[in-house]
Amino acid sequence: MSHPLPSRDAIVATAHESISRGSKSFAAASLLFDKPTRERAWLLYAWCRRCDDIADGQDHGHGMTVVDDAPARLVQLSAMTEQALAGEVVGEPAFDALRIFAAETRLPKRFARDLVAGFALDAEDWRPRSENDLYKYCYHVAGVVGCMMAIAMGVDPEDEDTLDRACDLGMAFQLANIARDIEEDDRVGRCYLPVEWLVEMDFPPGQHMKPPFRSRLAVLSRRMADRAAAFEASAREGTPALSFRSAWAVLAAAEIYGAIGRTVAARGEHAWDHRVTTSGLQKLGFIAKAARQAASRKTSYPRTERDSRLWTRPKP
């Protein structure tokens with residue numbers, strides 16, 4: 001006996017549950033969108049989160065483990081992603097969320113594939129050698145999500161400059177995340193600090209988390225925060241292209257994640273004693289601040305030529 005397909009409403013409800021469990025910061029910011037954009041943001045998040053969980057053996061971003069079947073996991077999530085992009089019912093809510101998202105927006109399929117390529121880098125236990133490698137990784141796991149979120153907000157897929165700014169925000173978020181999670185990543189044998197940076201600071205191989213080297217590590221976390229701030233400043237210039245509510249959500253997320261990067265940098269060698277987070281009260285403050293920024297976005301963030309020194313995402 002065939003079962004009825006889950007409705008769009010049911011898949012949206014499951015996606016909302018996923019974002020509520022997986023990211024309080026994104027869940028808070030998403031409430032600022034209008035209803036259609038909010039639901040699409042949840043659908044996109046659910047697919048990204050599920051891919052991440054499959055790749056890392058996690059549950060909604062918690063309890064990352066060392067997986068011994070990474071290539072098989074990659075094949076599975078890639079196949080289900082392709083099914084969704086082809087408009088086929090997958091039977092797994094998060095991948096059907098992508099199917100709905102792609103059908104309702106003019107999502108360039110290469111963006112979804114670029115995210116899957118980011119999981120492939122982790123499956124290969126890839127490490128960045130240079131700063132450029134680090135940016136390439138950040139693009140594949142976060143910058144491209146910024147591009148897809150812009151599509152969710154109604155940005156034209158042909159508007160390359162606004163998509164660049166959306167990508168910049170994803171890059172800023174990921175750099176802040178990497179700085180915050182250095183210790184957590186080290187526990188599962190991962191390191192996203194470029195080898196060239198580690199050599200420059202004269203770390204013995206694999207010893208960057210050891211107490212004697214914390215002051216050197218703090219230098220690199222400040223560097224990450226500075227790079228993140230440059231990408232964030234560029235991203236803010238993309239907000240005049242968005243509706244007020246979308247700009248409000250984007251700027252709130254920028255404030256929340258910017259605070260994480262700044263706090264990691266400010267704590268110096270104590271940044272990894274306790275995981276850096278923002279409280280509910282702080283989030284409310286950032287949301288209120290972002291409302292003022294969104295209201296004045298056209299004068300506060302006039303579009304200038306994008307800084308040519310910033311890394312630029314690959315174009316088709």
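The values are calculated or read from the model by the stated rules, or taken from the named source; none is laboratory data. Only a predicted model underlies this, so the values are computations on that prediction, with no experimental measurement involved. Cβ atoms come from the backbone with ideal geometry, glycine included; neighbour counts cover every protein chain shown. Areas reflect the complete protein model, heavy atoms only, side chains present, ligands, DNA and RNA absent. Shrake-Rupley method; radii C 1.70, N 1.55, O 1.52, S 1.80 Å.
Work out how much length Asp273 to Ser296 would gain on full extension: take 0.36 nm times their residue separation and subtract the Cα-Cα distance, in nm to one decimal.
Extra length from Asp273 to Ser296 when fully extended: 4.5 nm.
Working from the pairwise distances between different alpha carbons, so that the mean of 1/r is found and then inverted, what is the stretch 212-291's Kirkwood radius in Å?
Details: mean 1/r = 0.0733 Å⁻¹.
Taking every pair of different Cα atoms in the stretch 212-291, averaging 1/r and inverting gives 13.6 Å.
Is the shape of the stretch 119-173 best called rounded, prolate or oblate, per the rule: a/c under 1.5 gives rounded, else a/b larger than b/c gives prolate, else oblate, with a ≥ b ≥ c the square roots of the Cα gyration tensor eigenvalues?
Cα axes put the stretch 119-173 in the prolate bin.
Given the peptides 282-289, 154-161, arrange them by the average over their residues of other C-beta atoms within 10 Å, most packed first.
Top of the packing list down: 282-289, 154-161.
Under unit Cβ charges (Lys, Arg +1; Asp, Glu -1), what dipole magnitude, rounded to 20 debye, does the chain have relative to its Cα centre?
Approximately 1060 debye in magnitude.
Hey, could you pull the Cα Rg and Dmax for the stretch 85-166, both in Å?
Gyration radius and largest Cα-Cα distance of the stretch 85-166: 14.0, 41 Å.
So what J values fall out for the stretch 301-316 if you push phi through Karplus, 6.51 cos²θ - 1.76 cosθ + 1.60 with θ = phi - 60°, rounded to Hz, Gly and Pro as x?
Residue by residue, the stretch 301-316 yields 10, x, 5, 10, 4, 4, 4, 5, 7, 6, 4, 10, 5, x, 10, x Hz.
Quick one: compute the contact order of the stretch 224-283, relative version, from alpha carbon pairs under 8 angstrom and 6+ residues apart, as a percent. Mind dumping the intermediate values first?
Details: 27 pairs, mean separation 20.6, N = 60.
Dividing the mean separation by the residue count of the stretch 224-283 yields 34 percent.
Cα to Cα, under 14 Å, and not fewer than 8 places away if on the same chain: which aspartates and glutamates meet these conditions relative to Lys283?
Reachable aspartates and glutamates: Glu255.
Arranged from highest to lowest average of other beta-carbon atoms within 10 Å per residue, in what order do the peptides 194-203, 251-260 appear?
Put in order of decreasing packing, that is 251-260, 194-203.
Ignoring ligands and nucleic acids, what accessible area does Arg216 show with a 1.4 Å probe (Å², nearest 10)?
80 Å²
If you average the sequence gap of Cα pairs under 8 Å that are 6 or more apart and divide by the length of the chain, what percent do you get for the contact order?
17 percent
About its Cα centre, how strong a charge dipole does the stretch 142-234 have in debye, to the nearest 20, once Lys and Arg get +1 and Asp and Glu get -1 at the Cβ?
Once rounded to the nearest 20, the dipole reads 740 debye.
Using a 1.4 angstrom probe with every protein chain in place, what is the largest-first accessible-area order of Arg127, Arg236? Before the final figure, lay out the partial values.
Details: Arg127 95, Arg236 25 Å².
Largest to smallest exposure gives the sequence Arg127, Arg236.
Taking the C-alpha atoms of the stretch 145-205, how large are the radius of gyration and the largest Cα-Cα span, Dmax, in Å?
16.1, 48
Taking 8 Å as the Cα distance limit and 6 or more residues as the minimum spacing, I'd like the relative contact order of the stretch 183-276 as a percentage.
Numbers: 51 pairs, mean separation 29.6, N = 94.
Computed over the stretch 183-276, the figure is 32 percent.
Assuming a viscosity of 0.692 mPa s and a temperature of 37 °C, what translational diffusion coefficient in µm² per second does Stokes-Einstein assign to the stretch 153-264, Rh being the Kirkwood radius over Cα pairs?
Approximately 215 µm²/s, per Stokes-Einstein.
May I ask for log10 I(q)/I(0) of the chain at q = 0.07, 0.08, 0.09 Å⁻¹, from a Debye sum over the Cα atoms as equal point scatterers with solvent left out?
-0.26, -0.35, -0.44
Any lysines with Cα under 26 Å of the Lys315 Cα? List them, leaving off those in the same chain fewer than 8 positions away.
Candidates past the 8-residue exclusion: Lys109, Lys136.
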